[in-house]
Amino acid sequence: MPKNIFVIGLDDFNQTLLEPIGKKKIYCFHSLLAVNEVNRQKNYIPEELLLRLKNAYNHFPDQ
């Protein structure tokens, strides 16, 4: 069974770079937050961001 790797703000470009690694069936990559949630934000509220990350992780089916 592949190991799940969670990426914050995984976009299509970086997903493409990770695909060769995932094809070996050793790793499976998942985005915890959309790239627009973490990229180029005017204000970051660390506590809110951390809460959203924890929520996304805890609702992942294999957790």
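A few remarks follow.
- Of all residues in the range 3-48, those satisfying the criterion of being in contact with a strand residue (DSSP E or B) (Cβ under 8 Å, 6 or more places away or on another chain) and either under 15 Å from Phe60 (Cα atoms) or surrounded by fewer than 10 Cβ atoms within 10 Å (Cβ to Cβ) (or both) are Lys3, Asn4, Ile5, Phe6, Val7, Ile8, Cys28, Phe29, His30, Ser31, Leu32, Leu33.
- Residue check: Lys25 meets all listed conditions (1) at positive phi; (2) in a helix (DSSP H, G or I) but one, namely (2).
- Taking the conditions (1) at negative phi; (2) surrounded by fewer than 10 Cβ atoms within 10 Å (Cβ to Cβ); (3) in a loop (DSSP other than H, G, I, E, B) in turn, Phe60 satisfies each one other than (2).
Where a number appears in this text, it was derived from the coordinates with a stated rule and is not lab data. Computed from a predicted structure; not experimentally measured. Ideal geometry is used to build each Cβ from the backbone, glycine not excepted, and the neighbour counts take in all protein chains shown.
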